[in-house]
Amino acid sequence: MSGIIEKYKTYLPLVNDEIIISLGEGNTPLVRLLNLEKKVGRSLRIYAKVEGANPTGSFKDRGMTLAMSNAVAKNAPAVICASTGNTSAAAAAYAAKAGLKAFVIIPEGKIAMGKLMQAYIYGAMVIQIKGNFDQGLTIVKEIASNESITLVNSLNPYRIPGQQTAAYEIVDQLQLAPDYHFLPIGNGGNTTAYWQGYETYRNAGKYHKSPQIFACQAENAAPFVEGHFVDKPETIATAIRIGKPAYWQQSNIAIEASEGRFLACSDACIIKAQQMLAAQEGIFCEPASAASIAGLLKAIENNFVQEGTTIVCTLTGNGLKDTQLVEQHLDFQLNSVSPSLDAVRKIIEQAI
Ligand code: F0G
């Protein structure tokens, strides 16, 4: 299967045509959320862009294929990133494929176990700091500016063009631009990428108006909503536990130019949205991703979206990366019964 570079080559800055480090990323499902549509009871067409279906389970693969291909083309000996988990997983996997060493800096105790295991099994050197993502990013920026190691955080100039392909794909799948686009925001790279992606397609004459972008945060990690950096961000959605977003200005431009909004949702609303998506739509996304659905529900409640419109919500990462959180918040009982037909039948009969 070819990845996003093969598919959208004309839109992507590739240093050497012959060097493409790909794991078959992109081409992710765009799923209509019919049960959610019924539940909200308005005339809205709501879609989920399921980015957890990417090779390492998140949207980061789109930017990483381009960043890594160009790092190899420029003979970089190694790559480095700070991460809340998904960037480190993607960096580690693509570096493995490219035969490069990867260094990943993560905040102690604040990344999902699945993501940490990904970094290890792909062979990255994991460096844990007694601090948060923002502090990690400051360190890796400094290291990358002095050493010959390539930074593969979204500040890498190839990450955003790669991530823009998600917007191209949505338009190609829908055959139109949605009216609204909801997504979780942390560092702001993806919000910037979607806006620039939609605008690139608009400038190519595909439609007249790009969607309004709604970027969703967790209440206690909401620098964009508050309008200033936050020193100690806290949320169960660890992927977006970021207080000093690197794409501050660009994200503000995206929201303003698209006439969208920043929204903040409580952790409780995010967990509820995650569970609802799984139980009613069959999509298991990670908590940070569910912020886009929690944000949509809030926007609908506040009459921020018009009737008769098309909405896309990006589900940025796969729920399987963080099953510990599900265990903590889902009310379930698992009792063993005897291995007999009668015992099993009795339970089924009670449940029906
Ligand atoms: N959703 C998920 C699942 C993420 O992992 C991230 C960011 C975001 C949303 C926010 O995207 O930062 O471009 O605004 N994760 C980064 C990481 C920070 O290190 O994996 P953003």
query: Is one or more of the residues making up the range 152-160 buried (at least 20 other Cβ atoms within 10 Å of the Cβ), closer than 30 Å to residue 32 by Cβ and β-branched (Val, Ile, Thr)?
result: yes
field: Selection within the range 38-58 - open to solvent by 20 Å² or more (accessible area, probe 1.4 Å) and not polar (S, T, N, Q)
entry: 38, 39, 40, 41, 42, 45, 47, 50, 53, 55
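Out of all the residues in the range 327-343, which are part of a loop (DSSP other than H, G, I, E, B) and within 31 Å of the chain's Cα centre (by Cα)?
330, 331, 332, 333
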message: What's the total number of residues in the range 1-37 that are open to solvent by 30 Å² or more (accessible area, probe 1.4 Å) and assigned to a helix (DSSP H, G or I)?
response: 7
task: Mind listing whichever residues of the range 11-66 are within 16 Å of the ligand (Cβ to nearest atom), of a type outside the set (S, T, N, Q) and over 24 Å from residue 294 (Cα atoms)?
output: 25, 55, 61, 62, 63, 64, 66
Residues of the range 230-252 satisfying the condition of being open to solvent by 20 Å² or more (accessible area, probe 1.4 Å), of a type in the set (S, T, N, Q) and either away from the ligand (no atom under 12 Å from the Cβ) or assigned to a loop (DSSP other than H, G, I, E, B) (or both): 249, 252
statement: Given (1) more than 15 Å from residue 262 (Cα to Cα); (2) among the basic types (Lys, Arg); (3) in the same structural domain as residue 45 (by TED's automatic domain parsing), residue 345 misses just (3)
message: Of the residues 82, 102, only one is within 14 Å of the ligand (Cβ to nearest atom), more than 20 Å from residue 22 (Cα to Cα) and surrounded by 23 or more Cβ atoms within 10 Å (Cβ to Cβ); which?
response: 82
- request: Output the residue which, of all residues in the range 281-326 that are of a type in the set (S, T, N, Q) and part of a loop (DSSP other than H, G, I, E, B), is nearest to the ligand (Cβ to nearest atom).
  value: 316
task: Out of the residues in the range 211-229 that are touching a strand residue (DSSP E or B) at 6+ places or on another chain (Cβ under 7 Å) and over 18 Å from residue 166 (Cβ atoms), state the one that is farthest from the ligand (Cβ to nearest atom).
output: 219
- request: Could you tell me whether any residue of the range 294-315 is within 23 Å of residue 155 (Cα to Cα) and of a type outside the set (Val, Ile, Thr)?
  value: yes
query: Among the listed residues 268, 290, which satisfies the condition of being among the hydrophobic types (A, V, I, L, M, F, W, C), at negative phi, in contact with a helix residue (DSSP H, G or I) (Cβ under 7 Å, 6 or more places away or on another chain) and assigned by TED's automatic domain parsing to the domain that holds residue 164?
result: 290
field: strands (runs of 3 or more DSSP E) wholly inside the range 44-141 containing at least 1 residues that are under 25 Å from residue 197 (Cα atoms), assigned by TED's automatic domain parsing to the domain that holds residue 280 and in contact (Cβ under 8 Å) with a residue 24 or more places away in the chain
entry: 45-50
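Quick one: which residue in 184, 178 is within 13 Å of the ligand (Cβ to nearest atom) and under 30 Å from residue 306 (Cβ atoms)?
Just one listed residue meets the conditions, 184.
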message: Looking only at the range 85-99, filter to residues that are within 13 Å of the ligand (Cβ to nearest atom) and touching a Lys or Arg at 6+ places or on another chain (Cβ under 9 Å); which one of those is farthest from residue 66 (Cα to Cα)?
response: 85
- request: Filter the range 119-137 down to residues that are of a type in the set (S, T, N, Q) and under 18 Å from residue 240 (Cβ atoms) and give me whichever is least open to solvent (accessible area, probe 1.4 Å).
  value: 132
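The values are calculated or read from the model by the stated rules, or taken from the named source; none is laboratory data. Source: prediction; values computed, not measured. For neighbour counting, all protein chains shown are included, and Cβ atoms are generated from backbone atoms with ideal geometry for every residue, glycine included. Quick note on the areas: whole protein, heavy atoms, side chains included, nothing else; ligands and nucleic acids left out. Shrake-Rupley method; radii C 1.70, N 1.55, O 1.52, S 1.80 Å.
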